[in-house]
Each structure stands twice: as structure tokens, then as C-alpha cells.
1. Could you tell me whether A63 is in contact with a Phe, Trp or Tyr (Cβ under 9 Å, 6 or more places away or on another chain) and either surrounded by fewer than 21 Cβ atoms within 10 Å (Cβ to Cβ) or touching a residue at least 60 places away in the same chain (Cβ under 8 Å) (or both)?
2. Only one of A78, A86 is assigned to a strand (DSSP E or B) and either without any contact (Cβ under 8 Å) to a residue 40 or more places away in the chain or open to solvent by less than 20 Å² (accessible area, probe 1.4 Å) (or both). Can you tell me which?
3. Please count how many residues of segment 126-139 are more than 17 Å from the chain's Cα centre (by Cα) and within 11 Å of R94 (Cα to Cα).
4. For R116, all conditions in the list (1) modelled with pLDDT of 95 or more; (2) surrounded by 14 or more Cβ atoms within 10 Å (Cβ to Cβ); (3) part of a helix (DSSP H, G or I); (4) charged (D, E, K, R) hold save one; what is the number of the exception?
5. So, T130, is that one in contact with a Pro (Cβ under 7 Å, 6 or more places away or on another chain), open to solvent by less than 50 Å² (accessible area, probe 1.4 Å), in a loop (DSSP other than H, G, I, E, B) and farther than 16 Å from M87 by Cβ or not?
6. Kindly list, by first and then second residue, each pair from a residue in segment 105-122 that is among the charged types (D, E, K, R) to a residue that is open to solvent by less than 70 Å² (accessible area, probe 1.4 Å), limited to pairs with Cβ atoms under 6 Å and residues at least 6 apart or on different chains.
7. Identify, please: which residue in segment 176-199 is part of a helix (DSSP H, G or I) and of a type in the set (A, V, I, L, M) and is, among those, most open to solvent (accessible area, probe 1.4 Å)?
8. It is to be established whether one or more residues within segment 200-208 are out of contact with any strand residue (DSSP E or B) (no Cβ under 9 Å at 6 or more places or on another chain), open to solvent by 50 Å² or more (accessible area, probe 1.4 Å) and either of a type in the set (K, R) or part of a loop (DSSP other than H, G, I, E, B) (or both).
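The values are calculated or read from the model by the stated rules, or taken from the named source; none is laboratory data. This one's a predicted model, so the numbers in the text were calculated from it and none came from an experiment. Cβ: placed from backbone, ideal geometry, glycine included. Neighbour counts: every protein chain shown. Note: areas computed on protein heavy atoms with side chains; ligands, DNA, RNA excluded. Shrake-Rupley method; radii C 1.70, N 1.55, O 1.52, S 1.80 Å.
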Amino acid sequence: MSARLMRGVARVAVAAIFFTRFLCGGASVAQNLQPVDLELVLAVDTSSSVSSSEFNLQMQGLAEAFRNPAVQGAIMAAGDLGIAVAMVQWSDNRKQTLAIDWTVVHDEASAEAFARQIDNTPRFLIGGGTAIGGAINFSARQLLSNGFDGRRKTIDISGDGRTNQGFNPARARDAAVAQGITINGLAILNEDALVDRHYLANVIGGTGSF
């Protein structure tokens, strides 16, 4: 199960980057903002239900994605634009943090450097409830205030539990989608075998979401 989970996390990031090559069209660049092909937030669950091994699997899967030659090729296909990517860690409605600040990745070397950043990033938040709606709202704010103008804006959110406090995740999702943000999800099926249904109904949304 651990290897499958890590591969699943990697596939989420891989697909998010690939989809930008096929689904985004031309876009006007806002003044004073740096244009990129994709703005991507990696939102990692650190709530009480997430064990050390589950946290490590999320992080290892994401690092593996940026070392994937296919992902690196998709990033380089953007030319000089590249993608802007950041990592958020989240738990309850009061606990979200920008774990890795916005970084432009545009080639093999910068993708490997970002993978190393993920490798070296500790768990900043420990404990708390599962507030997926709060995580979506926080991640959306990062996308809308980061100094970049992406042809696509995406949140990749992973977690092992259903919302148990905070903002309604479906409303947070709908508000983000209305602002042009796509939300992809990876439900970690461990203690709760129905998390994937919760993500399908309440979390994922937007163009090309999965």
C-alpha cells in the first residue's frame, strides 16, 4: 500500500502539470505579474489522523513527481515561462502555513532543486482537525496574491480524512472554481475507506479536475 500511495501522489502532480499543456489556451498577461504556464499549490494534509509515515509518503510522492522525466519534459515544453509552484501544509481551520514559498521551475535542474526542497521540508504543523475548506481557501489566497500570472491555476490537495470542522469544503471549492482555479484531489484510503467519495463530492472541481 505504501508504494501505491506514493505513486498515486506522484501521479497527481504529474497529471496537473501535463494537463496544462493540453487544456490551457492563450491568456493575456496582467501588468506587473510574471507570466508562467501554471501556478500550482501542493496542499499536504498534516492533521491529527496523518501519521509520520503518511506525511512522509505525501512528501516523497511529490518529490518523485518533480524527478519524473515526463514531468520535467512537460515543464520544459513551456519554454522560458515554466511553472510557479508552492507547498502548503494544513490541518484544522486555524492551521495552514506556506511550507515552501513560490518557486519557478522551468528545466531539469530547477525541477531537481525543487524536489530537494521537498525532501528537506519538515512537518510544520502537527495535530488538529481536518478542515479541507480552510485549506482550499488558504491555497486560493496564495494563488491570487503571488506575483505570477498563470495560464492555469491549480491546487493539488491530498488527505486521509473527511472534513470534520471549519468551512464547508464544497462552498470553498465552488468559490475557488469561480475564480478560475482547478482543484485536484488524492484521497489516502487508510482508516477511512470512504474518503475518496468525500473528495469526489466536495473537493475536486474545475476544468480537467480529477
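1. Working: in contact with a Phe, Trp or Tyr (Cβ under 9 Å, 6 or more places away or on another chain): yes; either surrounded by fewer than 21 Cβ atoms within 10 Å (Cβ to Cβ) or touching a residue at least 60 places away in the same chain (Cβ under 8 Å) (or both): no.
Considered against the rule, which asks whether it is in contact with a Phe, Trp or Tyr (Cβ under 9 Å, 6 or more places away or on another chain) and either surrounded by fewer than 21 Cβ atoms within 10 Å (Cβ to Cβ) or touching a residue at least 60 places away in the same chain (Cβ under 8 Å) (or both), A63 comes out as no.
2. Details: A78 fails: assigned to a strand (DSSP E or B).
Sole residue among the options that is assigned to a strand (DSSP E or B) and either without any contact (Cβ under 8 Å) to a residue 40 or more places away in the chain or open to solvent by less than 20 Å² (accessible area, probe 1.4 Å) (or both): A86.
3. Pass one, segment 126-139, residues more than 17 Å from the chain's Cα centre (by Cα): 126-129.
Still in the list and also within 11 Å of R94 (Cα to Cα): 128-129.
The total comes to 2.
4. (2)
5. Details: in contact with a Pro (Cβ under 7 Å, 6 or more places away or on another chain): no; open to solvent by less than 50 Å² (accessible area, probe 1.4 Å): yes; in a loop (DSSP other than H, G, I, E, B): yes; farther than 16 Å from M87 by Cβ: yes.
In short, no.
6. As it stands, the answer is E108/Q72; D119/A63, since those pairs meet every condition given.
7. Filtering segment 176-199 for residues part of a helix (DSSP H, G or I) gives 176-178, 195-199.
Applying the additional criterion that residues be of a type in the set (A, V, I, L, M) yields 176-178, 195.
Numbers: A176: 3, V177: 54, A178: 88, V195: 0 Å².
Top of the filtered list is A178.
8. Here is the first cut: in segment 200-208, the ones out of contact with any strand residue (DSSP E or B) (no Cβ under 9 Å at 6 or more places or on another chain) are 201-202.
Pick out the ones that are also open to solvent by 50 Å² or more (accessible area, probe 1.4 Å) and you get 201.
Add one more test, that the residue is either of a type in the set (K, R) or part of a loop (DSSP other than H, G, I, E, B) (or both), and what stays is none.
No, segment 200-208 has no match at all.
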